[in-house]
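One structure is given below, encoded as structure tokens.
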Amino acid sequence: MIRYVKRGRSARFELNPPDETLIELEECGIAESDGPVFAAGQWDSCDDVMTSIDSRELRRIAAAVRQAVVSPVTIERLTLADGVASHRVEDESGIRIWDERQVRLFVSLLDPAHATRIELLLGGTSLRDIDLTEIGVAADALTRVASSEEWREPRRVRLRPAVAAALLPPIARAHPPFPHGVRLRQERRSALVRDGMGRPIEEIDLTDARETAWPNWFRPSYRFPPLQTPMHLRLDGPDLADDAPPIEAVALAGPLSIARDRIGARLLCVERDRAAFTLKVSCSPAEWLERIEGVGREARWYPYHAGSWGAVTDAEISAW
């Protein structure tokens, strides 16, 4: 029998123009699992969650996002959440108790003239981790969209960290072969060192074949059973070349599509001294890895699936 108890407090600011909503929540839940049997429900009290949430900071960041977005681009939807939680797990090995804080910003921007929509997902362990530069760069590119392009011959493209981070979870789930010099690993975060079972997150190289069960568990909510899956993914590769690619992919123009062992993406790209354009690409996970030319050493964490680190990544890309 495994018993998990969560006591949390959060504030969420939602913008669905012209409506604004601020929601403050206390969430106390319990989940019990015994083999294949899983049950979850509400717990009695959140009184021992002492940390409070300053909702004024949420409004300040939302206002900064609005300033970064200029006409004709509009904010279609914005959700900014800040939450603290106390966790407790009881199982045959003992009792584990830990606290954590996570923030998450989702914003959807729309260019009505070209019916182009982009989505950005940012996060961290404090509101200071939210990098509004990503939103400003993407919003500026969206104002300059002129076309949707396709090319068959591979061309060098620089993926911004947010784009590169989004690709890592589906690549990890596919267990592809890794080309020489490219490695994917699970990396422990300094502020998020425990998994959904309260166990330490192990530093593991996913490049090597693994015959035993994955040691760490991701728990997105107390309402669902935890998943054995890699967390906080980090890609390593050759150093970036001195000459940067002439094209930069600044954001995803819609969610990834994952079907038939292929990862499809529509990228918002900017070419030097040219208008922006969208590009549809589709590759198998192994093909994505084979086309990597260089990976930056500085990385930022993003809340994709169980977490991934995004770094500037250069690759040869062709449209589907």
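Laboratory data are not the source of any read-out in this text; all were calculated from the coordinates shown. In this text the structure is predicted, and so the values were computed from the model without any measurement. As a convention, Cβ positions derive from the backbone with ideal geometry for all residues, glycine included, and neighbour counts pool all protein chains shown.
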> What residue among Arg12, Arg274, Arg101 shows peak mean-square fluctuation when the chain is described by a Gaussian network model with Cα springs under 10 Å?
Replying inline: Arg274
>> Once you order the gyration tensor axes a ≥ b ≥ c over the Cα atoms, which shape class does the stretch 243-285 get: rounded for a/c under 1.5, otherwise prolate or oblate by comparing a/b with b/c?
In response: prolate
> Cα-based Rg (one decimal) and Dmax (whole number) for the stretch 59-198, in Å?
Replying inline: 19.4, 60
>> Quick check: convex hull of the Cα atoms in the stretch 131-201, volume per residue, rounded to a whole Å³?
In response: 184
> Given the convex hull of the Cα atoms of the stretch 51-100, what is a quarter of its surface area in nm²?
Replying inline: 5.3
> Normalised by the number of residues in the stretch 32-112, what is the relative contact order in percent for Cα pairs under 8 Å and 6+ residues apart?
Replying inline: 28
> Over the alpha carbons of the chain, what is the largest minus smallest coordinate on each principal axis, giving the biggest first in Å?
Replying inline: 59, 51, 33
>> I want to verify the translational diffusion coefficient of the stretch 19-93 in µm²/s; compute it with Stokes-Einstein, Rh as the Kirkwood radius over Cα pairs, at 25 °C and 0.890 mPa s.
In response: 151
> Hey, in the GNM for the chain with a 10 angstrom Cα cutoff, which one of Glu100, Glu92, Glu119 fluctuates hardest?
Replying inline: Glu92
>> Counting only helical runs of four or more DSSP H residues, what would the 222 nm mean residue ellipticity of the chain come to if each run contributes -39,500 (n - 2.57) and the total is spread over all its residues?
In response: -4500 deg cm²/dmol
>> Taking the Cα of Asp34, stepping 7 Å toward and past its beta carbon, and measuring to each backbone N in the stretch 1-16: which are under 11 Å?
In response: 1-2
>> How long are the semi-axes of the equivalent ellipsoid of the stretch 193-311, taking √(5λ) for every eigenvalue λ of the Cα gyration tensor, in whole Å from largest down?
In response: 30, 18, 15
> What residue among Ala244, Ala299, Ala11 has the largest mean-square fluctuation in a Gaussian network model of the chain, using Cα springs under 10 Å?
Replying inline: Ala244
> So what J values fall out for the stretch 231-237 if you push phi through Karplus, 6.51 cos²θ - 1.76 cosθ + 1.60 with θ = phi - 60°, rounded to Hz, Gly and Pro as x?
Replying inline: 10, 6, 6, 9, 9, 10, x
